[in-house]
Amino acid sequence: MDTEQLKAQMKNRAYIEAGSEAHLHMHEAAERSRKITAEINNKFHTAEELRELFSELIGKKVDGKFGLFPPFYADYGQNITVGQNVFINSGCCFQDQGGIEIGDNVLIGQQVVIATLNHDLSPAKRGNMLPAPVKIGNGVWIGAHATILSGVTVGDGAVIAAGAVVNRDVPANTVVGGVPAKVIKNI
């Protein structure tokens, strides 16, 4: 299995069984991701060097306005798409096997977690996974320590309050907060 085959399976939300070819590929790719993120995280880099390393990680060039404050962690790295003028603050963790799509002009606060996999609820099948992508619209601001769970779409212009746990879609131009996150107000 290669990266494009896995991405196709993930896009179709294919059930991933523990020990399967897809699961083994995920582990191999995680080694690649850890190598690149170790380089990002373990010494000083200029903004341009960080853009180059992040582009290598995701396999796509980011624009000249992309900003990253390390450390940054990604389980897979190759299923992240980033729009223009995106800023990712320090300590963020992206579990991106299921796909993370970030729009333009997005601000992501410190220690934000974006998770795209769920495990099977059956204890006998707990190692199996269910992927679902996370899509973040244009002009979104995600506050520090927020967690966005698999399958969530965040509408354009939305704000996710610090510490929120987002387990359902967020309407455009709203502020959500809490555990689980609920609409607090319209913008």
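The values are calculated or read from the model by the stated rules, or taken from the named source; none is laboratory data. Keep in mind that this is a model prediction, so the values were computed, not measured. Cβ placement follows ideal geometry from the backbone for every residue including glycine, while neighbour counts extend to all protein chains displayed. What goes into the accessible areas is simple: the full protein's heavy atoms, side chains included, and nothing from ligands, DNA or RNA. Shrake-Rupley method; radii C 1.70, N 1.55, O 1.52, S 1.80 Å.
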Could you please tell me which pairs satisfy a Cβ distance under 6 Å, a separation of 6+ or placement on different chains, a first residue in the range 1-22 that is more than 24 Å from Ala124 (Cα to Cα), and a second residue that is part of a helix (DSSP H, G or I) and open to solvent by 80 Å² or more (accessible area, probe 1.4 Å)?
Met1/Glu21
Which condition breaks for Ile187 when tested against (1) modelled with pLDDT of 95 or more; (2) over 26 Å from Pro70 (Cβ atoms)?
(1)
Only one of these is within 24 Å of Pro133 (Cα to Cα), surrounded by 13 or more Cβ atoms within 10 Å (Cβ to Cβ) and either touching a helix residue (DSSP H, G or I) at 6+ places or on another chain (Cβ under 6 Å) or not hydroxyl-bearing (Ser, Thr, Tyr) (or both): Lys60, Lys11. Name it.
Lys11
Pairs needed: first member in the range 75-86, within 12 Å of Thr116 (Cβ to Cβ); second member anywhere, open to solvent by less than 60 Å² (accessible area, probe 1.4 Å) and of a type in the set (S, T, N, Q); C-beta distance under 7 Å; at least 6 residues apart or different chains.
Asp75/Ser33; Asp75/Gln95; Asp75/Gln97; Tyr76/Ser33; Tyr76/Gln97; Asn79/Gln97
May I ask you to list the residues in the range 137-169 that are open to solvent by 10 Å² or more (accessible area, probe 1.4 Å), part of a strand (DSSP E or B) and either under 18 Å from Gly99 (Cβ atoms) or not aliphatic (A, V, I, L, M) (or both)?
Trp141, Thr147, Thr153
Just wondering, is there one or more residues in the range 75-87 that are over 22 Å from Ser20 (Cα atoms), open to solvent by 30 Å² or more (accessible area, probe 1.4 Å) and of a type in the set (Asp, Glu)?
no
